[in-house]
Amino acid sequence: MRVVVAGGAGFLGSHLSDAFAARGDEVIILDNLSSGSLENVQHLIDAGHAFVQCDVSQDVPVDGKVDVVCNLASPASPPYYLEYPLETLAVGSEGTRRLLELADASKARFLQASTSEVYGDPAVHPQPESYWGNVNPVGPRSVYDEAKRFGEALVTAYRSARGTNTTIVRIFNTYGPRLDPGDGRVVSNFMFQAMTGRDLTIYGDGSQTRSLIYVADEVRGLLALLDSGHSGPMNIGGQREQTILEIAQSILEVTGSSSKLVFEPLPTDDPTRRRPDITLAREVLGWEPTTSLTEGLTALRDDYVARRVTERA
Ligand code: UDP
């Protein structure tokens, strides 16, 4: 198959591209390299897969017929999308529309990477796909949350108005090798801080929760959803809900670090809790995550060691 991965040089996009390449597909990676990096995909380029540097909210320069289009093009880290609010809205709306046009013209299957952020600060816990969410439309995070919500609406409209073969996955906090140590997310921040003897920065009192998922489990879920023909939306996320303080403790243990904890202000509209209901993925795909937190964090630690991430700081 010819597969387009928009955002393919990013953390998750590059792992998804690897999975396509491993099963013999031809991958066309589109990325503007704003938060992704060539380092993530150089091995794929060397193996003959295509890389096109472009901003999909401006142009989708792909020739010929394609079989699959995956839209992972967006900043995903809160500090990053807060720094690029207009670009985040543009890629989530116009970028998604352009990629849907490509899929529609090619009669390709289209995967929309949506997010747990569509649930906002959830009033229902855990979150099933049927929950509509609790998002502040004018809060700072709205540039990401509402772009992703609009993306879901657009994908749904292409499916009903044009018959485009679409699916929507709602991705929860994913971590693993290649997570950019400077992107500001909780696992990369804590890992980097622990490995360099810096204080771990807990925002708020650290009682807010997230349910982490290891990247290989996430990618396995995305492929299963693509292959299933299901239209989504479908949650693909971790089942072990932890407070931020517990995540900090796990990272201190895996790194053997004696870093201290410091408490900093909680960002505006930071969701207080998050855990996916994955009943649908279990029933339709037979999917569930299998990697333990210790295994996953160890793999991330080893990746930072191998890439000498701490020495580059
Ligand atoms: N967080 C933290 N310290 C950090 C980075 C993040 O306490 O150095 C908290 C953040 O406030 C949030 C959670 O960790 O409650 C997850 O943040 P992240 O940016 O990874 O993703 P989010 O789930 O908020 O999109």
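Each reported figure results from applying straightforward, stated rules to the coordinates on display, with no laboratory input. None of the values given here were measured: they were computed from a predicted structure. No Cβ is skipped: glycine too gets one built from the backbone with ideal geometry, and neighbour counts run over all protein chains shown.
Projected area of the range 42-200, taken from the Cα convex hull and averaged over every viewing direction, in nm²?
With every direction weighted equally, the projected area is 11.5 nm².
Would you mind pulling out the separation of the Cα centroids of the range 183-204 and the range 51-92, in Å?
The distance from the Cα centre of the range 183-204 to that of the range 51-92 comes to 27 Å.
Taking only the C-alpha atoms, wrap a convex hull around the range 212-268 and report its volume per residue in Å³ as a whole number.
Taking the convex hull of the Cα positions in the range 212-268, it is 111 Å³ per residue.
Per the Debye formula with a single identical scatterer at each Cα and no solvent contribution, what log10 I(q)/I(0) holds for the range 138-202 at q = 0.11, 0.21 Å⁻¹?
For the range 138-202 at q = 0.11, 0.21 Å⁻¹, log10 I(q)/I(0) is -0.46, -0.91.
Compute the Kirkwood hydrodynamic radius of the range 272-313, taking the inverse of the mean of 1/r over all pairs of distinct Cα atoms, and give it in Å to one decimal. Could you put the intermediate results ahead of the total?
On the way: mean 1/r = 0.0762 Å⁻¹.
For the range 272-313, the Kirkwood estimate is 13.1 Å.
Run through the range 262-311 and list the trypsin sites (Lys or Arg not before Pro) located in a DSSP loop whose Cβ has at most 14 other Cβ atoms within 10 Å.
307, 308
For residue 133, what is the net charge nearby, where nearby means another residue's Cβ is under 13 Å from its Cβ and Lys, Arg count +1, Asp, Glu -1?
Around residue 133, the surrounding residues sum to -2.
Mind grabbing the base-10 log of I(q)/I(0) for the range 106-161 at q = 0.18, 0.20 Å⁻¹? Debye formula, identical points on the C-alpha positions, no solvent, two decimal places.
So the normalised log intensities work out to -0.65, -0.77.
Mind checking which lysines have their C-alpha under 28 Å from residue 107, skipping anything on the same chain fewer than 8 residues away?
65, 148
Using θ = phi - 60° and the Karplus curve 6.51 cos²θ - 1.76 cosθ + 1.60, what whole-Hz ³J(HN,Hα) does each residue of the range 255-266 get, with Gly and Pro shown as x?
8, x, 7, 10, 4, 8, 9, 10, 9, 10, x, 6
Rg and Dmax in Å for the range 171-243, alpha carbons only: what are they?
Rg and Dmax of the range 171-243, Cα atoms, are 14.7, 47 Å.
Would you calculate a helix-derived [θ] at 222 nm for the chain, using -39,500 (n - 2.57) for each DSSP H run of n ≥ 4 and dividing by the full residue count, to the nearest 500?
Mean residue ellipticity at 222 nm (helix-derived): -11500 deg cm²/dmol.
Go from 0 up to the bin containing the longest alpha carbon distance in the range 213-313, width 10 Å each, and give me the % of pairs per bin.
The distribution over the range 213-313 is 12, 34, 32, 18, 3, given as percents.
Mean 1/r over all different Cα pairs, inverted: what Kirkwood radius does the chain give, in Å?
19.6
Largest first and to the nearest Å, give the Cα extent of the range 110-230 along each principal axis.
Cα extents, longest axis first: 54, 32, 24 Å.
Taking just the alpha-carbon atoms of the range 155-289, what radius of gyration and Dmax come out, in angstrom?
Gyration radius and largest Cα-Cα distance of the range 155-289: 17.5, 57 Å.
Counting just the Cα atoms, what span does the range 238-291 cover along each of its three principal axes? Round to the nearest Å and put the largest first.
43, 31, 10
Hey, what do the phi angles of the range 107-116 turn into as Karplus ³J(HN,Hα) couplings, whole Hz, using 6.51/-1.76/1.60 and θ = phi - 60°, x for Gly and Pro?
6, 8, 7, 10, 10, 9, 7, 9, 8, 4
Given an 8 Å cut-off on Cα distances and at least 6 residues of separation, report the relative contact order of the range 118-200 as a percent.
Details: 56 pairs, mean separation 12.3, N = 83.
Dividing the mean separation by the residue count of the range 118-200 yields 15 percent.
Taking the Cα centre of each part, how many Å lie between the range 226-270 and the range 123-157?
When both Cα centres are located, 19 Å separates them.
Going toward the positive end of the dipole of the range 7-63, with +1 on Lys and Arg Cβ and -1 on Asp and Glu Cβ, which of 20, 52, 34 do you reach last?
20
Which order results if 187, 138 are arranged by neighbouring Cβ count within 10 Å, fewest first? Spell out each step's value before the answer.
Details: 187 21, 138 6.
Fewest-to-most ranking of 187, 138: 138, 187.
Debye calculation, C-alpha points only, no solvent: report log10 I(q)/I(0) for the range 48-91 at q = 0.18, 0.30, 0.32 Å⁻¹, in the same order as the q values.
-0.67, -1.20, -1.26
Using only the alpha-carbon atoms of the range 54-121, report the extent along each of the three principal axes, biggest first, to the nearest angstrom.
The principal-axis extents, from largest down, are 39, 23, 14 Å.
Sorted from fewest to most neighbouring beta carbons within 10 Å, what does the list 101, 152 look like?
On the way: 101 15, 152 20.
Fewest-to-most ranking of 101, 152: 101, 152.
With θ set to phi - 60° and the Karplus curve 6.51 cos²θ - 1.76 cosθ + 1.60, what are the ³J(HN,Hα) couplings of the range 37-52 in order, to the nearest whole Hz, using x for Gly and Pro?
Karplus-based 3J(HN,Hα) across the range 37-52 equals 8, 4, 4, 5, 10, 4, 5, 6, 5, 4, 7, x, 7, 8, 10, 10 Hz.
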